1. Counting just the residues of region 291-301 that are assigned to a loop (DSSP other than H, G, I, E, B) and without any contact (Cβ under 8 Å) to a residue 60 or more places away in the chain, which one comes out nearest to the chain's Cα centre (by Cα)?
2. Can you go through 228, 214, 199, 265 and tell me which one is on the phi < 0 side of the Ramachandran plot, within 16 Å of the ligand (Cβ to nearest atom) and touching a residue at least 40 places away in the same chain (Cβ under 8 Å)?
3. So, in region 249-271, of the ones that are polar (S, T, N, Q) and more than 22 Å from residue 381 (Cβ to Cβ), which residue ends up surrounded by the most Cβ atoms within 10 Å (Cβ to Cβ)?
4. Among the residues of region 665-714, which ones are buried (at least 17 other Cβ atoms within 10 Å of the Cβ), among the polar types (S, T, N, Q) and farther than 30 Å from residue 218 by Cβ?
5. What residue, of 358, 331, is over 14 Å from residue 300 (Cα atoms), buried (at least 17 other Cβ atoms within 10 Å of the Cβ) and in contact with a Lys or Arg (Cβ under 8 Å, 6 or more places away or on another chain)?
6. Just to be sure before I move on: is residue 336 more than 12 Å from residue 295 (Cα to Cα) and either more than 16 Å from the ligand (Cβ to nearest atom) or not assigned by TED's automatic domain parsing to the domain that holds residue 397 (or both) in the structure I sent?
7. Restrict the check to region 407-417 and report whether at least one residue is more than 16 Å from the ligand (Cβ to nearest atom), assigned by TED's automatic domain parsing to the domain that holds residue 501, within 18 Å of residue 382 (Cβ to Cβ) and in a strand (DSSP E or B).
8. Can you tell me which residue in region 152-189 is nearest to the ligand (Cβ to nearest atom), limited to those that are among the hydrophobic types (A, V, I, L, M, F, W, C) and either in a loop (DSSP other than H, G, I, E, B) or over 30 Å from residue 725 (Cα atoms) (or both)?
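The values are calculated or read from the model by the stated rules, or taken from the named source; none is laboratory data. Bear in mind the structure is a predicted one, so any value in this text is a computation, not a measurement. Reconstructed Cβ throughout: ideal geometry from the backbone, glycine too, with neighbour counts over all protein chains shown.
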Amino acid sequence: MKLKTMLATLLLAMLPFISFSQKGQLNLIPKPQSVCIGSGKFVINGNTTIKGNSDFAVKYLSDKIKSSSGIDVRESSSALENFIQIDVNSQSGLKREGYRLQITPEYIKIEANDNAGAFYGVQTLLQLMPASVYGEASGWEKWEVPCVKIEDYPRFGYRGAGLDVSRTFFPIETIYNFIDWISYHKINTFHWHLTDDNGWRVEIKKYPLLTQKGAWRGPDEVLPPSYGSGNKRYGGFYTQDEIKKVVKYASDRNITIIPEIDMPGHSKAVIHTYPEVGCTNENKQMSVNGEVNNVWCVGNEKSYIMIENIVKELVALFPSKMIHLGGDEVNMDNWKSCPSCQALMKKMGMKEEIELLNYFVRRMEKIVNKHGRVLVGWDEIIKGGDLQPSTVVYGWGSMKRGANAVRKGQPTVFLPGQYCYLDMKQSEYERGHNWAAIVTLDSTYKIDPIKMNDFTPEQEKLVLGVQGNLWCELLDRPARFMEYQFFPRLCALSEAGWTNPENKDYDDFYFRLTKTHYERLYNMGIAFRLPFPNVKYENNTLKVKLPYDWAVVRYTTDGTEPSATSNIYTGDIVTFEPEKFRFATFYRDYNKSISVGASNIELYNYITPKVSIESSYDAEYTNNRFPVSNITSYDFKKYWRINRRSQAGDYVLYTFEQPVECSKITVETGIPNITFYSVTDGYVEYSYNGKDFIKGEEFVYGTAVIEPKDRVKAVKIVFTGMSDALITAFQNLKIEK
Ligand code: TNX
């Protein structure tokens, strides 16, 4: 043996626990504050027993082991070895939600100050077990865990995940799964965005129409179709019974559910079911999210009576200290033209409508405070006047807007879109919004409201924590896109919320994630996103940079989607037809990334013949920022926008100056890459002479394809039903030789 190796062996044998820093360490996520790795292991087998005073944690752990491995870890208080002990002890000296996990060959001990800490000690222990502890064991696993001593506690007391269930409805089973998934990541708050313009999702006994009608959209419903719901009835809601059960389930897992009723804007679902609480006006000015007539009347006392009643039922369902009543993106044009709102302004001596928002928020504070709760609102609520010092602000628009709330003295949760909006696309090629940014895993990992601002120590105390948020306008497809958008970005967020900055390192996180945590996510049953490879074409050779060294990348050579049986990339590919290759990363043939070609070559060679447009839309509906000339430019990032819902009979006709010889024309509608505001019901027609039209494909998700037999003179988009937004958008034709 070499001297060095001998010394190392000696050291290891002498010290029961040795602390050293090594890439990944135990690949735990979120990374604990302090880890000492010992030697040896604890073996879980049929003789292992469990005891302790944290009843839920004890049962939860033995259930998890039993359901995955089949090993029955029985409760027994007498064992002196091969036991697991979970104790909550207020004298432990540990921090809130913190724990000490000690594993020796004889025992596993988890100590904590509170049940939350005991639960998190269990979560860390689960991560030390074979990943199949989250699912079903194969039978090949070794049910043993390494000897360690971990002392851990969270950086922030608020670590949130938010989900919008209005634009897309998720069944209650999905909510349970989601609560499990976030609890595995030591996230302790679920912010449930229960209402918005496009659906009211919480049963309120006093106002049954809110869910009987307001939870549904479709051609014959009070709410028109939106966000891909098309010409079918779409919706759903949660009964009070379901909510009570889910609140309890979450609370056992140390998750507080904060309900949000979004008011006074984003309220079309209320205004269309109980019109008496909306402003009486004919305002046609759209809110930023493309809605009209979606604002509560703040000058009408009936509004406050109804809100009081709603809040009364809400606080009975949700024990959470914080009650979120929205306050974002209010289209104040409604108030400008509403006699009751204007009368109120006059009476109160207000000059601007923003003061009406403050007036409304102050009344909401009173309503919520009366029940011993605190009000939460989006960052717009700091404008127009002061707030109660207890009122919590959710800083979403930018880091600065959150920071301003802190500087005004409000407790603040940080979820700036640029880091935390998980509805943002993850690369330019993927579906999702992009108004805040392209939000990569790395961006979410970086969020640090303390380091990114120069707060005083007093101000720092007002930083409650961070949250990852999923808005669901674009969640109708593809299947399980919710999981794709949340994971693994929520894993990054969990570390941003839990781990002290000196212990954070993105490369190290990425290593832990790809090396071990993917396998946990897989066993949790999550359809998580995988990064795609980076492909370049140089010197007649396709070169692939793997997203991580052990990634499996498969490819096709005929332009089709790679599948689990496609070839595995093993090295440079020499070819003269690089545009025919597609590559994708695979995980266990279960999950795959989007497919890509070489990023430095044109994959498609579209032709760009001169074309003119005729349509059924009047000039009054056009928007100067998106003129019709955009769709004759062949700049595929541009689009033409119409500010009205399309109806059966609407059309757009593209006429070529000269008939065009081509093999294929792809007709896409909606916003490029966001696929929103597209044709819901309709088809394409095309003509060789400009007079006689041949009926082509129906639009599917806003796209239809033509494969002509002759030279094409004209292409026509024909609507057969109403589109599912108040805006319609058209794109350049993609014409292939
Ligand atoms: C802004 S965040 C909104 C939401 C949208 C989201 C889309 C906030 C308070 N309002 O209504 O869903 O952007 O990213």
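1. 295
2. Criteria check complete, one pass: 265.
3. Among those residues, the one meeting the criterion is 254.
4. The one that is buried (at least 17 other Cβ atoms within 10 Å of the Cβ), among the polar types (S, T, N, Q) and farther than 30 Å from residue 218 by Cβ: 687.
5. 358
6. no
7. no
8. Among them, the one singled out is 165.
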